[in-house]
Amino acid sequence: MSLEQIFSGFHKDSIQRQIQRAEKEGLSYDAGCSDQLLDEFYSLVLITRRRHRLLPQPRAWFKNLIGCMGDKVRIRVARKDGTPISAMLTLRHRASVIYKYGCSDERFHNLGGMPFLFWRLIQESKACGAGRLDFGRSDLENDGLITFKDRFGTTGKLLTYYRYPYTEKRKVAMSRSAEAARQFLFLLPDAVCSQAGKLMYRHMG
């Protein structure tokens, strides 16, 4: 399938026009795994995790990932007038490219940064001979993310997780605790959130 055919399969309003908007806005783009790209990516991770009221992964997690996997890790960053507005981290395994992490500054969402990055990812994956592009997992309750991925013409697959021991009472208690923690974390400075993520990430499921 040609790139033209792939592009024509995107949702016209939500994806095609967003990519065209990004190009019209003159968004700049870099890819690699340099410390500068990691810093820009991580600054957007902090913004995104705060928006979702979640602890951020520690920066060392991503640094170690790059150290272990080398050039199989790729960070892509889109910028507007030099300001990072969206970024993603992908992994390469044999003939597959896997989208693993994405983040963005919501102040610039109207510029189409994430669709622009996905389009670059698709172009580069095709150019390097990848046979499969995995858009990553999405929680069933995250309708917005699922819809976003569907509009690229993706095919979804249901994944089933099993937990032991599992009780409905435990599920409700965990849900309430998680919501209380999210309300508290939303008030913390980035530096504190980052440090908390460093301390807690290994214990979070």
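The values are calculated or read from the model by the stated rules, or taken from the named source; none is laboratory data. Predicted model only: the values in this text are computed from it and were never measured. All Cβ positions, glycine included, derive from the backbone under ideal geometry; neighbour counts span all protein chains shown.
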(message) touching a residue at least 24 places away in the same chain (Cβ under 8 Å), aliphatic (A, V, I, L, M) and part of a loop (DSSP other than H, G, I, E, B): is that true of Leu121 in this structure?
(response) no
(message) Please go through region 124-154 and give me each residue that is loosely packed, with under 13 Cβ neighbours inside 10 Å and under 14 Å from Phe10 (Cβ atoms), ordered by number.
(response) Thr147
(request) Take Leu111 and decide whether it is at pLDDT 90 or above, among the aliphatic types (A, V, I, L, M) and farther than 23 Å from Arg92 by Cα. (result) yes
(message) I want to confirm something. Restricting to region 80-92 and keeping residues that are out of contact with any Ser or Thr (no Cβ under 7 Å at 6 or more places or on another chain) and over 24 Å from Lys126 (Cβ atoms), which single residue is surrounded by the fewest Cβ atoms within 10 Å (Cβ to Cβ)?
(response) Gly82
(message) Given the criteria part of a helix (DSSP H, G or I), more than 18 Å from the chain's Cα centre (by Cα) and surrounded by fewer than 15 Cβ atoms within 10 Å (Cβ to Cβ), does Gln5 qualify?
(response) yes
(request) Could you run through region 4-32 and say how many residues are more than 26 Å from Thr155 (Cα to Cα) and at pLDDT below 95? (result) 0
(request) Return the residue satisfying two criteria in turn: it lies in region 60-79 and is of a type in the set (Lys, Arg) and surrounded by 18 or more Cβ atoms within 10 Å (Cβ to Cβ), and of such residues it is farthest from Leu121 (Cα to Cα). (result) Arg79
(request) Looking only at region 12-28, count how many residues are in contact with a helix residue (DSSP H, G or I) (Cβ under 8 Å, 6 or more places away or on another chain) and surrounded by 14 or more Cβ atoms within 10 Å (Cβ to Cβ). (result) 9
(message) When you check Glu168 against the structure, is it modelled with pLDDT under 95 and under 18 Å from the mean Cα position of the chain (by Cα), yes or no?
(response) no
(message) Of the conditions (1) over 21 Å from Pro56 (Cβ atoms); (2) in a helix (DSSP H, G or I); (3) touching a residue at least 12 places away in the same chain (Cβ under 8 Å); (4) not aromatic (Phe, Trp, Tyr), Ile146 satisfies every one except a single condition; which number is it?
(response) (3)
(request) Within region 20-53, track down each residue that is more than 16 Å from the chain's Cα centre (by Cα), within 15 Å of Ser104 (Cβ to Cβ) and assigned to a helix (DSSP H, G or I). (result) Arg21, Ala22
(request) Look through Arg76, Arg53 and report the one residue that is farther than 26 Å from Ala130 by Cα, of a type outside the set (Val, Ile, Thr), in contact (Cβ under 8 Å) with a residue 40 or more places away in the chain and in contact with a helix residue (DSSP H, G or I) (Cβ under 7 Å, 6 or more places away or on another chain). (result) Arg53
